[in-house]
Amino acid sequence: MKVLVIGGDGYCGWATALHLSSRGYEVGILDSLVRRNWDAQIGVETLTPIASIHQRIQHWQNLTGKKIELFVGDITNYDFLSKALRKFSPESIVHFGEQRSAPYSMIDREHAVLTQVNNVVGTLNIIYAMKEDFPDCHLVKLGTMGEYGTPNIDIEEGYITIEHNGRKDTLPYPKQPGSFYHLSKVHDSHNIHFACRIWGLRATDLNQGVVYGVLTEETGTDELLVNRLDYDGVFGTALNRFCIQAAIGHPLTVYGTGGQTRAFLDIRDTVRCIEISLNNPANSGEFRVFNQFTEQFNVLDLAIMVKKAAGALGLNVEIQNLANPRVELEEHYFNAKNTKLIDLGLQPHYLSESLIDSLLNFSIKYKHRVDEQQILPKVSWR
Ligand code: NAD
Ligand code: USQ
């Protein structure tokens with residue numbers, strides 16, 4: 001299968017591109033490399049020193065003999081996108097290519113606008129290009145669990161059946177996202193759903209939880225293939241941040257009480273979920289939604305697990321409850337369904353002490369690269 005991985009230079013995209021390539025898919029990567037610019041603009045760097053996309057791809061080919069075609073450009077530029085698609089002729093598109101940080105989108109008006117234009121226009125361009133030239137192509141789009149927010153009822157996978165005044169219908173699940181970034185994902189979902197309904201496109205929206213971990217079978221084999229690992233207050237995500245904080249002896253930054261519950265998954269399951277979705281495509285006209293996570297945790301419990309694992313390695317780490325820079329519920333009900341990918345064959349890697357251990361050891365290896373000034377959150381929602 002020919003698969004174009006949009007955003008293939010990023011954290012989830014790079015791991016996915018190599019996973020698919022190693023399993024015999026013909027992979028192309030399309031990326032504007034803008035994430036590397038955003039890092040530079042706000043003065044942060046991945047914990048791991050990542051090679052350029054050209055070096056990474058060349059090295060992969062040298063090691064495995066497998067070629068990955070590269071398209072460097074921005075999907076908000078329709079002309080570029082349409083030419084790249086015509087050249088590559090994908091049977092499936094995996095779309096990771098968005099601005100994905102909630103804090104970044106909340107810096108100020110400019111960053112909110114940048115996030116929504118980048119994400120919504122990019123996705124609109126993809127669906128138009130598919131309609132024009134590749135109407136049978138399967139779009140696998142990364143959405144987010146945060147589209148749903150934290151409702152006081154169970155979260156279904158995309159749709160909910162409602163009885164109202166004696167009538168019944170199955171409708172898109174209500175969305176109450178918590179940042180302008182998460183909102184951009186809701187707008188994307190609506191646009192893609194509409195395109196499936198009116199043009200008969202096929203799409204799978206993967207509402208992914210917070211991803212943790214860094215090593216996959218492929219990215220773990222060689223220093224030049226290493227994946228990015230963000231720890232800063234803008235792009236770093238909860239568990240990855242806690243492990244890196246523990247490695248340098250920084251108190252773990254729990255926002256508020258830490259009672260916020262979120263859905264999580266190991267990056268080794270991210271790549272597998274994409275493969276499963278590609279192998280079981282949506283039907284023509286279908287807008288299918290899977291909740292892509294394996295477990296739910298509250299943030300304080302994660303910090304306690306990291307503190308304990310760090311203690312076993314001889315690191316004495318404190319937990320610090322910071323004033324929450326975000327506007328979010330800190331104590332709430334959260335029970336999301338996630339059976340669809342499991343029914344299709346996903347075998348989860350559950351969070352274990354050994355995974356936290358390996359992430360801690362990985363963080364210790366690179367701790368000389370940490371800039372402590374970038375750890376505390378600087379962006380406020382208020
Ligand atoms: P990332 O920032 O590491 O990678 C995104 C990549 O997309 C970058 O390489 C960037 O240069 C590229 N990109 C952005 N805008 C582009 C554009 N207009 N044209 C071309 N390329 C563009 O992000 P990630 O963590 O790998 O996340 C990938 C996707 O998965 C995102 O859509 C994100 O919303 C979603 N997601 C991520 C997580 C997580 O925990 N990392 C969780 C749930 C969902
Ligand atoms: N949090 C802390 N301390 C920290 C960092 C985060 O307590 O140091 C808390 C936040 O307040 C929040 C929770 O942990 O309640 C998750 O925050 P996060 O930064 O790990 O994740 P989030 O901002 O939701 O965004 C990340 C990715 C995004 C993806 C999303 C999945 O950056 O691309 O869409 O996870 S989800 O959360 O399911 O929507």
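The values are calculated or read from the model by the stated rules, or taken from the named source; none is laboratory data. Small disclaimer: the values here were computed from a predicted structure and weren't measured. Every residue, glycine as well, gets a Cβ built from its backbone with ideal geometry; the counts of neighbours run over all protein chains shown. Quick note on the areas: whole protein, heavy atoms, side chains included, nothing else; ligands and nucleic acids left out. Shrake-Rupley method; radii C 1.70, N 1.55, O 1.52, S 1.80 Å.
What length, rounded to one decimal in nm, is gained on full extension from LYS2 through to GLU69, with 0.36 nm per residue of separation minus their alpha-carbon distance? Mind dumping the intermediate values first?
Values: separation 67, 0.36 × 67 = 24.12 nm, distance 1.07 nm.
Separation in residues times 0.36 nm, less the Cα-Cα distance, equals 23.0 nm.
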Provide the packing ranking of 102-112, 184-194, i.e. peptides ordered by the mean count of other C-beta atoms within 10 Å per residue, highest first. 184-194, 102-112
Of the listed pairs LYS66/LYS365; LYS2/LYS66; LYS308/LYS337; LYS141/LYS185; LYS131/LYS175, which have alpha-carbon separations greater than 19 Å here? LYS66/LYS365; LYS308/LYS337; LYS131/LYS175
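Which value, in Å², gives the accessible area per residue of region 1-89 when a 1.4 Å probe is used on the protein heavy atoms? Let's see the in-between values first.
Numbers: 3590 Å² over 89 residues.
That works out to 40 Å² for each residue.
Under the definition of Cα pairs under 8 Å and six or more residues apart, what whole-number percent is the relative contact order of the chain? Could the numbers behind the result be given before it?
Working: 764 pairs, mean separation 76.9, N = 382.
Relative contact order for the chain comes out at 20 percent.
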Karplus-derived HN-Hα couplings along region 302-313 (A = 6.51, B = -1.76, C = 1.60, θ = phi - 60°), whole Hz, x at Gly and Pro: 4, 5, 5, 4, 5, 4, 5, 5, 5, x, 5, 8
What ranking, highest mean first, results for peptides 81-87, 95-101 when packing means the other Cβ atoms within 10 Å averaged over each residue? 95-101, 81-87
Kindly state, to the nearest 0.05, the FRET efficiency for ILE304 paired with GLU223, given R0 = 45 Å and r defined as their beta-carbon distance. 0.90
Residues whose built amide H sits under 5 Å from the amide H of ALA263, excluding neighbours closer than 5 in sequence, are VAL210
Expected vector for region 71-79, Karplus 3J(HN,Hα) from phi with 6.51, -1.76, 1.60 and θ = phi - 60°, integer Hz, x for Gly and Pro, equals 10, 9, x, 9, 6, 6, 8, 4, 4
Enumerate the amide H contacts of ILE29 below 5 Å, restricted to partners 5 or more residues apart or on another chain; note that Pro and chain-start residues carry no placed amide H. VAL5, GLU69, LEU70, PHE71
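Return the loop-located GluC sites (Glu not before Pro) in region 292-335 (DSSP other than H, G, I, E, B) with at most 13 other Cβ atoms within 10 Å of their own Cβ; answer none if there are none. Mind showing how you got there, number by number?
Details: sites: GLU295, GLU318, GLU328, GLU330, GLU331; in loops: GLU318, GLU328, GLU330, GLU331.
Sites meeting the loop and neighbour criteria: GLU318, GLU331.
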Probe 1.4 Å, protein heavy atoms only - accessible area per residue of region 121-201 in square angstrom: 47 Å²
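Please arrange SER363, SER22 by accessible surface area, largest first, computed with a 1.4 Å probe and ligands excluded.
Values: SER363 0, SER22 40 Å².
Result of the area sort, largest leading: SER22, SER363.
Multiply the residue separation of ASP108 and HIS332 by 0.36 nm, subtract the distance between their alpha-carbon atoms, and state the gained length in nm to one decimal.
On the way: separation 224, 0.36 × 224 = 80.64 nm, distance 2.78 nm.
Length difference between fully extended and current span is 77.9 nm.
Based on Cβ point charges of +1 for Lys and Arg and -1 for Asp and Glu, what charge dipole magnitude is obtained for the chain about its Cα centre, in debye rounded to the nearest 20? Please report the intermediate quantities before stating the final value.
Values: 36 positive and 44 negative charges, 67 e Å.
Here the size comes out at about 320 debye.
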Of all accessible surface on the chain at a 1.4 Å probe, what whole percent is carbon and sulfur? 51 percent
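Could you provide, to the nearest whole Å², the per residue accessible area of region 243-313 with probe 1.4 Å? Please list the in-between numbers first.
Numbers: 2050 Å² over 71 residues.
It amounts to 29 Å² per residue over region 243-313.
Determine, from the Cβ-Cβ distance of ASP79 and ARG23 and an R0 of 35 Å, the FRET efficiency 1/(1 + (r/R0)^6), rounded to the nearest 0.05. It would help to have the intermediate numbers written out before the result.
Values: r = 32 Å, r/R0 = 0.93.
According to the calculation, E is roughly 0.60.
To the nearest 0.05, what FRET efficiency results for HIS349 and LYS168 with a Förster distance of 35 Å applied to their C-beta separation? Before the final figure, lay out the partial values.
On the way: r = 38 Å, r/R0 = 1.10.
Efficiency, from the Cβ-Cβ distance: 0.35.
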Through the Karplus equation 6.51 cos²θ - 1.76 cosθ + 1.60, θ set to phi - 60°, convert the phi angles of region 212-218 into ³J(HN,Hα) values in whole Hz; use x for Gly and Pro. 10, x, 9, 8, 10, 3, 8
Quote to one decimal, in nm, the extra length available between HIS368 and VAL121 on full extension: 0.36 nm per residue of separation minus the C-alpha distance between them. 85.0 nm
Counting other C-beta atoms within 10 Å, and keeping those with at most 13, which DSSP coil chymotrypsin sites (Phe, Trp or Tyr not before Pro) do you find in region 291-359? TYR333, TYR350
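So in the chain, what percent of DSSP beta bridges are antiparallel if you round to the nearest 5? List each step's numbers first, then the result.
On the way: 10 of 48 bridges.
For the chain, the DSSP antiparallel bridge percentage is about 20.
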For the chain, what is the largest minus smallest coordinate of the Cα atoms on each principal axis, given in angstrom and ordered from greatest to least? 63, 57, 42
